[in-house]
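Take a look at the structure set out below.
The values are calculated or read from the model by the stated rules, or taken from the named source; none is laboratory data. These figures come from a predicted structure and were not determined experimentally. In this analysis, Cβ positions are derived from the backbone assuming ideal geometry, glycine residues included, and neighbour counts consider all displayed protein chains.
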Amino acid sequence: MAEPIVTHHARGGLPYSKGLMAQSLSATGLGLARAWALARAVEQRLQADGTETIDSADLRTLTEEVLEDEEGREAVERYRDWENLNRLDRPLVLLLAGTTGVGKSTLATMAAHRLGITRVIATDVIRQVLRASFSRDFMPSVHSSAFEVDMRGYAEQAETVGTGITAIVERACDEGTPVVVEGVHVLPGMLEPALTDRCLVVEAVVVVEDAELHRAHFEARGDRRPAQRYLARFDRIRALQDHFVGKASERGVAVVENANIDEALGRLMDLVLHAVHGLSETEDA
């Protein structure tokens, strides 16, 4: 039997995709293997019913039935929150802060994949552009890594790079395009209310509480980024982490422990879906 065609109102339709369905299901917190198995279960239901064409709304209903049978009611609610995210009239902006070596970049990439976001910006890229554009004499703060300067120097650097972060978020709002921004220059609560009202902002500070595990992250990077450069300033890197945790506490921003990447990713997905749920309830009120 050919794949059923999923129609979307008056825009025609495309064959049912297990890959796209699995991506949607994995965004609710399910593991990739489990999400793929459930996407296959939805396909089997369609084939068993002899379905040749199904409206997207009916496909959502069928998916919810499969989820409730296989995973329970909570999974259905999380799937609905994910669907609400796709229907929001504002883009998702995921901001991941944290010191060097806690796995922000990996986590950002994995989260973007789960959420179907194609734009991931590292704040070090912004700093590199500023370095190329302005001399050390004119803008000295951006010509050193964050862990190579004292806290005053870091504050100056974060303020300078923060202007670029704000511009990126403003453009995401203007275009209605979701974005993930990660880096040591993302400060909890850095965006002004006038900007956060235009998008759905989800913030988190990524940490590795165990110092030895944190140290091991640098050694795992290999020769591309020699560990010694970071380990020589490890105390300063840890001090930056304490700074982030303090700021997160002040601003009510979540702290995500990254001792296990899968658990950290699950926590991030929880934060996103919780934010969507809260916004949906506010708009419905």
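In the stretch 128-146, the residue that is surrounded by the most Cβ atoms within 10 Å (Cβ to Cβ) out of those that are at pLDDT below 75 and within 24 Å of the chain's Cα centre (by Cα) is Ala146.
Kindly evaluate Leu14 against the criterion of being among the hydrophobic types (A, V, I, L, M, F, W, C), over 24 Å from Val202 (Cα atoms) and either surrounded by fewer than 16 Cβ atoms within 10 Å (Cβ to Cβ) or outside the structural domain of Val180 (by TED's automatic domain parsing) (or both). It is true that Leu14 is among the hydrophobic types (A, V, I, L, M, F, W, C), over 24 Å from Val202 (Cα atoms) and either surrounded by fewer than 16 Cβ atoms within 10 Å (Cβ to Cβ) or outside the structural domain of Val180 (by TED's automatic domain parsing) (or both). So, in the stretch 252-261, how many residues would count as being over 10 Å from Glu203 (Cα atoms) and surrounded by fewer than 16 Cβ atoms within 10 Å (Cβ to Cβ)? Residues flagged as over 10 Å from Glu203 (Cα atoms) and surrounded by fewer than 16 Cβ atoms within 10 Å (Cβ to Cβ) within the stretch 252-261 amount to 4. Within the stretch 25-46, the set of residues being surrounded by fewer than 20 Cβ atoms within 10 Å (Cβ to Cβ), at pLDDT below 90 and not aliphatic (A, V, I, L, M) comprises Gly31 only. Looking at the stretch 66-82, is at least one residue touching a Pro at 6+ places or on another chain (Cβ under 9 Å) and either within 30 Å of Glu170 (Cα to Cα) or not assigned by TED's automatic domain parsing to the domain that holds Ala232 (or both)? The answer is no, given that none of the residues of the stretch 66-82 is touching a Pro at 6+ places or on another chain (Cβ under 9 Å) and either within 30 Å of Glu170 (Cα to Cα) or not assigned by TED's automatic domain parsing to the domain that holds Ala232 (or both).
Just wondering, is there one or more residues in the stretch 56-70 that are modelled with pLDDT under 90, farther than 30 Å from Thr196 by Cβ and surrounded by fewer than 21 Cβ atoms within 10 Å (Cβ to Cβ)? There is at least one residue in the stretch 56-70 that is modelled with pLDDT under 90, farther than 30 Å from Thr196 by Cβ and surrounded by fewer than 21 Cβ atoms within 10 Å (Cβ to Cβ). Going by the conditions given, is Arg73 surrounded by fewer than 18 Cβ atoms within 10 Å (Cβ to Cβ) and either among the hydrophobic types (A, V, I, L, M, F, W, C) or within 27 Å of Gln44 (Cβ to Cβ) (or both)? When the stated conditions are applied, Arg73 passes them. Just one of the listed residues (Val186, Val272) is closer than 22 Å to Arg90 by Cα, touching a Ser or Thr at 6+ places or on another chain (Cβ under 7 Å) and touching a residue at least 60 places away in the same chain (Cβ under 8 Å), namely Val186. Residue pairs whose Cβ atoms lie under 8 Å apart, sitting 6 or more positions apart in sequence or on different chains, and linking a residue in the stretch 85-108 that is on the phi > 0 side of the Ramachandran plot to a partner that is of a type in the set (Gly, Ala, Ser) and at pLDDT 95 or above, are Gly103/Ala264.
Candidates Ala27, Ala57: the one that is hydrophobic (A, V, I, L, M, F, W, C) and under 29 Å from Thr109 (Cα atoms) is Ala27. Considering the stretch 83-127, the residues that are buried (at least 20 other Cβ atoms within 10 Å of the Cβ), charged (D, E, K, R) and within 25 Å of Phe234 (Cβ to Cβ) include one that is farthest from the chain's Cα centre (by Cα), namely Arg127.
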